[in-house]
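Below are the C-alpha cells for one structure; questions will follow.
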Amino acid sequence: MSSLAAALVASYLIGSIPAALIAGRIVGKIDIRKAGSGNAGATNVYRLFGLKPYLVTLGVDIFKGYAAVVFIAPHGAGIVTEKRAALLCGVLAILGHIWTVFARFKGGKGVATGGGVMLGLAPGAALAAVGVYLAVTFTTKYVSLGSMFAALSLPVFILLIEPGAGRLVLTIAFGLAILIVYTHRSNIRKLIQGEESKTDFFARHGK
C-alpha cells in the first residue's frame with residue numbers, strides 16, 4: 001500500500017470514530033440515534049446529557065478533521081504534494097464521520113469534522129465561519145440553521161480573508177457547503193414546517 005493510500009485509509013478511519021455514539025454509551029448507556037433528535041452528533045449529546053459531554057464530543061469531532069489534515073496528510077505526500085494530500089485526507093475524514101464504518105455507515109452530519117478540516121486548511125476563514133455559526137445559532141436557537149449558514153459562508157471568507165489558500169481549497173469549501181446542506185435536508189423540511197427543535201446553550205441543563 002502506498003503512503004498516500006495508507007494516509008487516506010487512516011483519515012477515513014479517524015473520521016469514522018463515532019464520538020457521539022461513544023458518549024451515548026458511556027454517559028447514558030443508550031444508542032444516541034434512538035433518542036433526542038436521533039442524530040449521531042454533538043448537539044444531540046448536549047440535548048441529552050448536557051454541556052460537558054457535548055464539549056468533549058465536539059472537541060473530538062473537530063480534532064478528527066484537523067488531525068487528518070495536519071498530522072496524517074504529511075505522511076501521504078510524495079505521489080502528490082502535501083497540500084493535495086491534506087485536501088484528500090480532509091475529504092476522507094469528513095466522509096468517514098458522515099458514513100462511519102463503525103456504525104453501519106450512519107454517522108453525524110459532518111459539521112464539526114468539516115470545521116476541523118477547514119481549520120487546518122484555512123484557519124482564518126474557518127474561524128470567521130464559526131462566528132457566523134455562533135451569531136445565527138444564538139440568535140435563532142436553531143443549530144441546523146447556524147451550521148448551514150456557517151458552511152455557506154466559508155467559501156466567501158476564503159475569498160475575502162485567505163485568497164492565497166488556492167483554488168483547490170476553495171473547491172473543497174464549496175463542496176463542503178453543498179454536503180452540509182445535503183446532510184441537513186431533514187432539518188430544512190422541519191424548519192419549513194415549523195417543527196425544528198431549538199437549542200438554547202445558555203439555558204440551565206438538568207444533566
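Hey, Gly114 hits all of (1) at pLDDT below 95; (2) of a type in the set (Gly, Ala, Ser); (3) crowded, with 22+ Cβ neighbours inside 10 Å but one; which does it fall short on?
Of the numbered conditions (1) at pLDDT below 95; (2) of a type in the set (Gly, Ala, Ser); (3) crowded, with 22+ Cβ neighbours inside 10 Å, the odd one out for Gly114 is (1).
Could you check segment 146-189 and list, in sequence order, the residues that are among the basic types (Lys, Arg) and either in contact (Cβ under 8 Å) with a residue 24 or more places away in the chain or more than 24 Å from Leu48 (Cα to Cα) (or both)?
Applying the first criterion (among the basic types (Lys, Arg)) to segment 146-189 yields 167, 185, 189.
Scanning segment 146-189 gives a single hit, Arg167.
If I go through segment 71-85 residue by residue, how many of them are more than 14 Å from Ala10 (Cβ to Cβ), without any contact (Cβ under 8 Å) to a residue 60 or more places away in the chain and in a helix (DSSP H, G or I)?
1
Taking the condition of being farther than 15 Å from Ile172 by Cβ and either crowded, with 22+ Cβ neighbours inside 10 Å or at pLDDT 95 or above (or both), how many residues in segment 75-96 meet it?
2
Related question: State the number of residues belonging to segment 100-126 that are within 16 Å of Val56 (Cα to Cα) and part of a helix (DSSP H, G or I).
Count: 5.
Continuing with the same structure: Which of the residues that make up segment 16-59 are farther than 28 Å from Phe138 by Cβ, assigned to a helix (DSSP H, G or I) and not aliphatic (A, V, I, L, M)?
Of everything in segment 16-59, those that are farther than 28 Å from Phe138 by Cβ, assigned to a helix (DSSP H, G or I) and not aliphatic (A, V, I, L, M) turn out to be Arg25, Lys34.
Related question: Pick from Leu8, Leu21: which is closer than 28 Å to Ala122 by Cα, surrounded by fewer than 24 Cβ atoms within 10 Å (Cβ to Cβ) and out of contact with any strand residue (DSSP E or B) (no Cβ under 6 Å at 6 or more places or on another chain)?
Leu8
The values are calculated or read from the model by the stated rules, or taken from the named source; none is laboratory data. Treat the numbers as computed from the prediction; the structure is a model and nothing was measured. Quick reminder, even Gly has a Cβ in these numbers, built from the backbone with ideal geometry, and neighbours come from all protein chains shown.
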